[in-house]
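For reference, the structure is listed below as structure tokens.
The values are calculated or read from the model by the stated rules, or taken from the named source; none is laboratory data. Bear in mind the structure is a predicted one, so any value in this text is a computation, not a measurement. Note: ideal-geometry Cβ built from the backbone for every residue, glycine included; neighbour counts use all protein chains shown. Keep in mind that these areas ignore ligands, DNA and RNA; they rest on the heavy atoms of the full protein, side chains included. Shrake-Rupley method; radii C 1.70, N 1.55, O 1.52, S 1.80 Å.
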Amino acid sequence: MTEEEMRKRLEILRVEHRDLDAAIDALMNAGAGDMLQIARLKKRKLRLKDQIAQIEDYLIPDIIA
């Protein structure tokens with residue numbers, strides 16, 4: 001995967017992460033009470049966060065001073 005492809009993938013993951021955050025907030029505020037669905041969305045959100053961090057670590061290497 002090229003750096004440009006990784007940057008595009010990173011942006012897609014960030015958008016999906018924001019969308020999940022909004023969906024979780026909407027379900028919680030609506031009082032839907034479907035805790036299983038909320039838990040699944042939160043789990044998916046955490047997986048996305050891990051993928052985002054992995055790509056960011058690759059694109060922005062640590063600089064040892």
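Scale the Cα Rg of the chain by the rule-of-thumb value 2.2 N^0.38 Å and send over the ratio, two decimals.
Against the empirical 2.2 N^0.38 Å value, I get 1.41 for the chain.
Per residue, how large is the accessible surface of the chain? Use a 1.4 angstrom probe and give square angstrom.
Result: 81 Å² per residue.
So how tilted is helix 35-59 from the main axis of the chain? Cα-based, degrees 0 to 90, rounded to 10.
The two axes meet at around 10 degrees.
Keeping the other protein chains in place, figure out the carbon and sulfur percent of the accessible area of region 1-53, with a 1.4 Å probe. Don't jump to the answer; show the numbers that get you there.
Values: 2140 of 3950 Å².
Here carbon and sulfur together make up 54 percent of the probe-accessible area.
Would you please put 17-25, 35-43 in order of how densely packed they are, using the mean number of other Cβ atoms within 10 angstrom per residue and starting with the highest?
Values: 17-25: 14.3, 35-43: 12.2.
Going from most to least packed, we get 17-25, 35-43.
Round to the nearest 10 and give me the degree value, 0 to 90, for the angle of helix 3-30's Cα axis relative to the longest principal axis of the chain.
Taking Cα atoms only, the helix is inclined about 20 degrees.
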